[in-house]
Each structure stands twice: as structure tokens, then as C-alpha cells.
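Every number here is computed from the coordinates shown, using simple stated rules; none is lab data. Because the structure is predicted, anything quoted here is derived from the model rather than measured. Neighbour counts are summed over all protein chains in view; Cβ atoms, including those assigned to glycine, are modelled from backbone coordinates with ideal geometry.
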Amino acid sequence: MNAYAAQQRRTLIFVILFFILLATTIAAIGYRSYRNFETQTRAETETWLNIVSGVKADAVNAWHADLLDFANLIQQDRALDRAIASAIQNAPAPQAPAQILAELEVYAQRDETGLIEALDPQGKRLAAIPAPASFLDPSILQKISEARASAQITFAGFYRDSDTDEIYIAILVPLPRGTIVIRIDPRVRLYPILEKQITETPSIQTYLAQAEAGDALLLTPLPYNPDAPLRLRVPLQQPDSLEALAVKGETGMIEGADYRGVAMIADARPVSEGWVLISQTSLSKMRDSISVYFGRTILVSGTMVFYTGLGLALIWRQQQLKRYQAETKAAQDRATELDIKVRERTDELSALSRQMAEMHEKQIRDLARELHDGVGQNLTAINLNLSLLRQTLPDLEAETTRPLLANTSQLVEETVARMRNVMADFLPPMLEHYGLTPALNWYAEQFARRTALQVRVNDLRSDPARLDSEVEVGLFRITQEALNNIAKHARASRVEIELNDEAGVMRLAIRDDGAGFDPQAIHPDAAHWGFAIMRERARALEAAMEIHSAPNAGTQIILRMSRKA
């Protein structure tokens, strides 16, 4: 009896020591997991900041280069320079010379051009669109002589309009016999570039700053301070200031407090015109996620230790084995039941996703029909009424009223043309009635008319029968997205769309002769959201998508899928 008790005691001590060793191991693993997560979270945050900062810096530089190209086009306009010379020679004139206004009207059509005006060599205004124009900011006037002396296109920088208090950017374009001043509205293109959310987690804010008079001067709005541009200054001597560190030349990943004293981590990098682009996120948000994971690690580790002790106790008390086995079986049954429910919910979500896609396509078709049948007919009727009104006007009123009616009729026609361009991007009715190939031919013709690209559609299928409507819609949408990408990025002149079938496999190929790119150096999903959209649509069709490209060798997108009758 004593030997049995001693054996039991030794066994109990062994079980307790084994439990302590196992609990220590679990705690060590939990701590290691927490440390790895902390490192990983930091690395992921820095990676996202780097990606967002790189994408937006490239976009800002591209926007800046585009503005320089636009200004250079104006600087090379000899007809505009001759018009300015003629106006100076014939001064004083009772009103702005019509020839200068006619030349400026071409450039005033750019969407972000808020004001464009021509000045003589002494800075006197000759003509402006729109007129009357507000007076130039004094800081801009001071830089005109510098621009003329250098004969270089000059970004005069951000300034607030004294009349409207709005932020603008001035560009000075010196001509041989005058100066063109362009006022750019950053709200049209620049601000949307900085405000675009590439990722929602973590939340990242991006803004521009520059050094001025010993301060870091913010140039663009902040989500929590829309009035920051040209008003928010942070002294460069302020220690640990994120804005001051970035403006003083700290690049890459930096940490500091913003002007509110909130701890931030940011990626700073220089961009055009000596500006600094800062993409930042709150350190507290990153630390909150780490704290949550730490709590989960404690909970999981404690749970594992608890169940380990419970398991050892069950082993120690063999009389409870049956109960333990019954509980295990019940747990397995619950797991099986849960797995079945998860599969059922997954199937329901898949069906709901397909239904939502169908509803989306239906809404597009309904909207296209409404535009064509309702708005289009009304605009045509309005244009007809205007024409009849011009013909029936009395002769005394014709001289003043008919030009106004003619201008209104022209605006109606332009609206109809723009509406047709919008409808060209919608799902064409012929896709529903005639199938994929006629729809692609129609869209290619419309697209070529809008972009001046040569687009050819070749249907080489041995069986030209109609496909499932879901498949035809998906292939049409993929082709739309590919053509939009080509128009935006490829700098191509020709595009070929080919449909083919190979041993029961449907094949769609889209080729262009554009600039191409290196798929290894720039992954399509990371570089262009259009590629990601096409891949998602291909997955929905259970299709495989390939992208072949090389610099200066064009791009080819190939989609393969099992043919569905």
C-alpha cells in the first residue's frame, strides 16, 4: 500500500513538473510570437508607407512634368508671341486684342487652368481669360523679371488669392516679347493625387511641405486641418518635429511628432520644385494593433496552459477518460457541424456575389437605356426647338438673339456627344442582343474615334456561337479595362483584339505596340490597379490570365478559359 502511494506520489510530481515545463514552453512560444508580430507589424507599416509615398511621389512628379510640357507648348507658340508683339505695337487699345484672346482660348481649356493671361515685358496685362481677371499676387509679380531674365519656365509656387482666399499655383512662361502667366488650381489634379487612399489599413495621410524663412511651411490640406496650406508653419528648430525633420533633409522612414504633438511614423522623400512629400500614419494606431495582439497572445497562451493542465489532470484521473472521450467526440461533432455551416454560408456568399454582379450590370444597362431613350431624345427635341426658334425670330431681334441661340444649340450638340462618349463605356445593348464579337467591334470603333488609336477585332473561333451572358459581360469588361490602360499608359498606335478557341479552350488576346514594361521589375497588380481589376474578373470567370510585356516591345494580355456554350 505504501509502495503504491509512493508510486502515485512520484507520478504526480512527474506530472506537475511536466506541466510546469510545458507551460513555460508555451509562454516562451507566445512571447516569441508576440515579438515576431511586433516586428512584422512595424515592417508592414513601413512597407505600406513606402509604397504609398513612392506611388504618390511618382504621380506628383508626373503631374509636374505634364505641366512643364503644357507650359513648354505655350512657350513655343510663335503665333501667340506675334499677337503679343502686335498688341504692344498698336497700344493703347480700347480692349484686349482679339488675336491674343483667340490664342489663349486654346490653352484655357485645360481643366486645372483657373486663369491664363498675357503680359508685356514690363508686366502690364494685355489680355486674360477669364476677364476681368484679378490682380496678380505681389510675390508672383516679383518673379516675372527673374523668369524673363532666365528665359526659363518658372514655377512661382503656391499662393492664396487675395480676393477668394483660394490656393493656386502660378507658372510663368517667358516669350521673346511678353510673358504668359498660368494660374493652376491644385484642387483639380494635385490634391486628389495626395488624397487618394491606396490602402485603408493603416490610415495614411499624404501632404507637401517646403522650407521657407526658417520654417516648415505646409502646402496642401490635411484631413484634420483643411486650412493648413500656407498658414501652418512649424519652426525648423522645433525638436522631434516630423515636418521640420522632413524639410531639413531627413528622407526615408522617420519618426517624430506632428504639429499637434501626435507621435507619427512617416516616409519622406523630395519631389519636384524642392517640395517634400510626406506620407504619415499615427504610431498609436500601429501600437494599438500590437497591444491587441499582445492581449490575444496572453489569452491564447493562458488557454493553452489551462487545457494542458486539464489534459494532464484527465490523464492522471483515468476514471474520467470516458467522459473526456465523450466531450472530445462532442467537440468533433460540433466542429463538423460548424464546418458544414461555414460551407453553406460560403456558398450563399458566392451566390450573393454573383447576384450583385448581375444587378450591377443590370443597373448599367438601365442607365444606358435611360440616357439614350430619355435624356438623348429630350436633348434632340431641345435642339430642334432651338433651330425652329432661330428661324421664326423677327428680323429686328435676329441680330442679337440668333447668335445666342446658335451657341446654345452648339452646347446641346456637345452635350449629346459627351453623353454618347459616356454610353460608350457602358455595356452596349448589342452585347445583349448580338453577342460578344459585334459588341467588341462597336466598342473598338467608338474607342478608336475617341483616342485616335487603331483598334482591330478578329474573331477566329471555329464555333462563333453565343457564350453565357455572364461570360460575355466579363470578357467585354476585361477588354474595356485593357483598352483604358493602353490609352492611359502604353503610348501605343495600334491595338489588336483576337478571339480564338484551342481544343475547347476559349482564348482572348489583346495586343498593343506601345512602350511596354518589365513585368519582373514592376508587378502589374502593384503598379496598375487596372491589372488587378482584370485579374479579379478573370477569377470570377474561372479563367487564367497572362501578361507578357517588355520595354519598347508592347504588351500582350491573354485570357484562357473553358468554353461555356
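Overview of results
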read-out: Calculated from backbone phi, Karplus (6.51, -1.76, 1.60) coupling profile of the range 207-219 in Hz, x at Gly/Pro; value: 8, 10, 9, 8, 7, 7, 6, x, 10, 8, 9, 7, 10
read-out: Overall dimensions of the range 89-244 as given by Cα atoms, namely Rg and Dmax in Å; value: 18.3, 63
read-out: Kirkwood hydrodynamic radius (C-alpha pairs) into Stokes-Einstein, the range 152-228, 37 °C and 0.692 mPa s, D in µm²/s; value: 226
read-out: Label-point gap, in nm, between Gln238 and Thr39 - each point 7 angstrom along Cα→Cβ; value: 3.5
read-out: Ordering of 337-344, 542-549 by packing [mean C-beta count within 10 Å, highest first]; value: 542-549, 337-344
read-out: Neighbour net charge for Leu440 - beta-carbon separation under 11 angstrom, K R +1, D E -1; value: -3
read-out: Across Lys143/Lys196; Lys196/Lys488; Lys56/Lys143, pairs whose alpha-carbon gap is larger than 23 Å; value: Lys143/Lys196; Lys56/Lys143
read-out: In sequence order, calculated HN-Hα J values of the range 157-170 (Karplus, 6.51, -1.76, 1.60; Hz; x Gly/Pro); value: x, 6, 7, 9, 5, 5, 8, 9, 6, 8, 8, 9, 10, 9
read-out: Per residue, the convex hull volume that the Cα atoms of the range 23-303 enclose (Å³); value: 127
